[in-house]
Amino acid sequence: MSMYGKILLAIDLSEESDQLIEKTRAIADRNTAELHLIHVIEPLSFAYGGDVPMDLTTIQDQLDEHARSKLEQYAAKLEYPIAGMHIVSGHTETEIHRIAEELDISLIIVGSHGRHGLALLLGSTANSVLHGATCDVLAVRVKES
């Protein structure tokens with residue numbers, strides 16, 4: 001019986017995301033897990049407090065398409081069957097938790113940057129995912145490129 005039957009890999013599509021490939025594949029292989037990928041796009045309106053004087057739909061659609069293309073490239077690099085690719089809009093931690101619960105995920109894998117100073121005080125995505133998750137979370141230390 002595998003310990004982690006369903007894994008959700010949360011990636012930000014940065015250059016550092018490639019550092020998650022080997023560990024994710026190894027864990028998925030060892031558990032013969034169903035692997036899902038998620039990328040969360042924070043809506044442009046969040047950056048402007050929701051009060052934007054123009055229609056951002058076209059720009060948001062371009063961001064969605066870019067994310068889909070990058071996620072497909074990342075999935076190919078994993079060389080492991082992908083059960084689902086989820087590109088969602090919203091607050092990163094909230095959406096990762098929502099999808100993890102909907103899919104009954106047993107392990108969330110997320111990259112963690114070594115934060116210092118103000119970024120450490122404000123917290124990180126990995127920290128927020130950890131504290132709100134109802135399943136195990138593996139934070140993989142990634143080095144800045």
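Buried (at least 16 other Cβ atoms within 10 Å of the Cβ), more than 18 Å from V140 (Cα to Cα) and either modelled with pLDDT under 90 or under 18 Å from the mean Cα position of the chain (by Cα) (or both) - does that describe any residue in the stretch 57-64? Yes, the conditions are met somewhere in the stretch 57-64. With the requirement that a residue be closer than 13 Å to E15 by Cα and not aromatic (F, W, Y), what does the stretch 65-76 give you? K70, L71, Q73 - these are the residues of the stretch 65-76 that are closer than 13 Å to E15 by Cα and not aromatic (F, W, Y). The number of residues in the stretch 95-145 being farther than 22 Å from T32 by Cβ, among the polar types (S, T, N, Q), at pLDDT 80 or above and surrounded by 14 or more Cβ atoms within 10 Å (Cβ to Cβ) comes to 4. A search for C-beta distances below 9 Å between a residue of the stretch 12-25 that is more than 16 Å from M85 (Cβ to Cβ) and among the aromatic types (F, W, Y) and any residue that is part of a loop (DSSP other than H, G, I, E, B) and at pLDDT 90 or above, counting only pairs 6+ apart in sequence or on different chains, returns nothing.
The values are calculated or read from the model by the stated rules, or taken from the named source; none is laboratory data. What you see is a predicted model, and the numbers here were worked out from it, not measured in a lab. Because the Cβ atoms are built from the backbone with ideal geometry, glycine has one as well, and the counts that use them run over all protein chains shown.
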